[in-house]
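As structure tokens, the structure follows; a few thoughts come after it.
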Amino acid sequence: LKNVVTPDEMCEAYGADTFRVYEMSTGPLDASRPWETRAVIGSHRFLQRVWRLVVDEETGATRVTDAPLDDETNRVLHRVIAGVRADFENLRFNTAIAKLIELTNRATAISTPAGGTPRAVVEPLVLMVSPFAPHLGEELWRRLGHTESLAYADFPTADPAWLVTESITYPVQVNGKVRARVEVAADAPEARVREAALAAVADHLAGRDPRKVIIVPKRMVSVVV
């Protein structure tokens, strides 16, 4: 009985939202999965990163900007929206969360200390995260200036114009075994390929930082942990 992990203990330590994100991210709903506390910590860190996109941790102020998105961010945003919608329809919650991690990575990359995070990317991110982390979602939604619950907001819809692009599919290996495949724009920089690959295999990393990430341009990504 000493090794039994109860939901109450996890919720007390990390919060109900973290516990829910972890449970939904571990794999298909009909699959048996082992418990991995380190991965719970990874889910907690993911939600912390979403929080920091909106809230300045030192001052508590909302840090968003109305600046327009660059083309690459628009492509990532609308591809993730389309993918998350499809994942929800097919109950693939684990892959939906992987896509949201990818979008969080992109939003973090374009966020600046002075200006903050563009509202155009953070608002749809909050809406898509909210089914997994409803308490966090509601709090951030209000901090973004909305007076009604996000339950009444329309779920994001992808703009087909941003989905039409030449792309390349990279198989992603973890310690020599293919664990995922990611599709990125053919002209995506290496940093973007790395970001997408690590998001796709986040479950297999279980919160660990990779020792090495090898990108063979237009062919494959190999992650060593």
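The values are calculated or read from the model by the stated rules, or taken from the named source; none is laboratory data. Worth saying up front: this structure is predicted, and the values here are computed from it rather than measured. Cβ atoms come from the backbone with ideal geometry, glycine included; neighbour counts cover every protein chain shown. The area values use the complete protein model at the heavy-atom level, side chains included, leaving out ligands, DNA and RNA. Shrake-Rupley method; radii C 1.70, N 1.55, O 1.52, S 1.80 Å.
Give the stretch 37-72 a look and list any residue that's within 14 Å of residue 115 (Cβ to Cβ) and in a helix (DSSP H, G or I), or say none.
53, 54, listed by residue number.
Among the numbered conditions (1) among the aliphatic types (A, V, I, L, M); (2) open to solvent by 60 Å² or more (accessible area, probe 1.4 Å); (3) part of a loop (DSSP other than H, G, I, E, B); (4) at pLDDT below 85, tell me where residue 13 comes up short.
(3)
Give the number of residues within the stretch 175-186 that are over 18 Å from the mean Cα position of the chain (by Cα) and either buried (at least 20 other Cβ atoms within 10 Å of the Cβ) or small (Gly, Ala, Ser) (or both). So that I can check it myself, show each step before the final result.
Of all residues in the stretch 175-186, those over 18 Å from the mean Cα position of the chain (by Cα) come to 175-178, 185-186.
Filter once more, so that each one left must be either buried (at least 20 other Cβ atoms within 10 Å of the Cβ) or small (Gly, Ala, Ser) (or both): 176, 185-186.
Within the stretch 175-186, residues that are over 18 Å from the mean Cα position of the chain (by Cα) and either buried (at least 20 other Cβ atoms within 10 Å of the Cβ) or small (Gly, Ala, Ser) (or both) number 3.
Quick one: count up the residues across the stretch 87-113 that are in a loop (DSSP other than H, G, I, E, B), closer than 22 Å to residue 191 by Cβ and open to solvent by 40 Å² or more (accessible area, probe 1.4 Å).
1
So residue 125 fits all but one of (1) open to solvent by less than 50 Å² (accessible area, probe 1.4 Å); (2) farther than 22 Å from residue 55 by Cα; what number is the exception?
(2)
Answer yes or no: is there a residue in the stretch 154-164 that is buried (at least 20 other Cβ atoms within 10 Å of the Cβ), under 17 Å from the mean Cα position of the chain (by Cα) and under 17 Å from residue 103 (Cα atoms).
Taking every residue of the stretch 154-164 in turn, none turns out to be buried (at least 20 other Cβ atoms within 10 Å of the Cβ), under 17 Å from the mean Cα position of the chain (by Cα) and under 17 Å from residue 103 (Cα atoms).
What number of residues within the stretch 70-85 satisfy the criterion of being farther than 13 Å from residue 156 by Cβ and surrounded by fewer than 19 Cβ atoms within 10 Å (Cβ to Cβ)?
Total meeting the criteria: 3.
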